[in-house]
Amino acid sequence: MNTPFRGKQVYFIGIGGIGMSALARYFHIQGALVSGYDKTSTPLTKELEASGIGVHYTEDLTRVPKNAELVVYTPAIPKEHQELVYFQQEGYNVVKRSDVLQMISNSSFNICIAGTHGKTTITTMIAHLLRDSGYGCNAFLGGISVNYGTNFWSHERNVCVIEADEYDRSFLKLSPDIAVITAMDADHLDIYGTAEEMEKAFIEFTGKVKPSG
């Protein structure tokens, strides 16, 4: 897994989220200059800071990198957020978290785990089996693994184990070689409207499996 952002500024709006922090760790390990904003200081943001990632906690345009090559935001950030509006109006490369995960995993063998319940546990179990067996994988988890104390790790093997988030239809941007669905209960109806529409999205997710998958 390679990134064209080595030595370049990558900025995260909402860096303390579980999915966003995993991506921040990915870019940091790849040699990018990573920083970001979050509303609240948490043990997770403190871990990011301890690893050398700059985090601030107020909407402050004086703290954002004016030479950012990539700005990543989460849908949880309000559209009127001062920093998000600035980057969008100034023509920066501003993308959602799901777009970045799509970019990272485009050329890898992907095991993508979706579902309204249990996906974090199963994603972590699969990633653990590949790691502990010595086979190796890159893991993007939706929670902090008790075994490893992190939600991300990298490996030279071009295999990604990805927790596929159905919120905001983000999982439809992935290209699984193997797709796992744990459960489909009515959830995120603020996005889907009805349980039937949500089920259609999961069916569409299965259609994203590569022909060789």
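The values are calculated or read from the model by the stated rules, or taken from the named source; none is laboratory data. Predicted model, so just to flag it, every value in this text is computed and none were measured. We place every Cβ from the backbone using ideal geometry, glycine too, and count neighbours over all the protein chains shown.
Some values worked out for this structure:
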| quantity | calculated |
| --- | --- |
| Unmet criterion (only one of (1) among the polar types (S, T, N, Q); (2) in contact (Cβ under 8 Å) with a residue 60 or more places away in the chain; (3) out of contact with any Leu (no Cβ under 8 Å at 6 or more places or on another chain)) for residue 45 | (2) |
| Residues located in region 72-92, provided they are among the charged types (D, E, K, R) and touching a strand residue (DSSP E or B) at 6+ places or on another chain (Cβ under 7 Å) | 83 |
| Region 27-47: number of residues that are at pLDDT below 95 and either of a type in the set (Asp, Glu) or under 14 Å from the mean Cα position of the chain (by Cα) (or both) | 0 |
| Contacts under 6 angstrom Cβ, first residue in region 184-204 being closer than 14 Å to residue 117 by Cα and assigned by TED's automatic domain parsing to the domain that holds residue 165, partner at pLDDT 70 or above and part of a helix (DSSP H, G or I), 6 or more apart | 184/199; 184/202; 186/195; 188/167 |
| Qualifying residue in region 98-117 (condition: more than 16 Å from residue 175 (Cα to Cα), surrounded by 18 or more Cβ atoms within 10 Å (Cβ to Cβ) and of a type in the set (Val, Ile, Thr)) | no |
| Matching option when the condition is of a type in the set (Val, Ile, Thr), farther than 25 Å from residue 173 by Cα and surrounded by 18 or more Cβ atoms within 10 Å (Cβ to Cβ), among 45, 58, 62 | 45 |
| Region 66-90 - residue that is among the acidic types (Asp, Glu) and touching a residue at least 12 places away in the same chain (Cβ under 8 Å) and, of those, surrounded by the fewest Cβ atoms within 10 Å (Cβ to Cβ) | 69 |
| Tabulated pairs, region 28-40, first farther than 14 Å from residue 12 by Cβ, second buried (at least 20 other Cβ atoms within 10 Å of the Cβ) and not hydroxyl-bearing (Ser, Thr, Tyr), C-beta under 9 angstrom, 6+ apart or interchain | 29/152; 29/153; 40/16 |
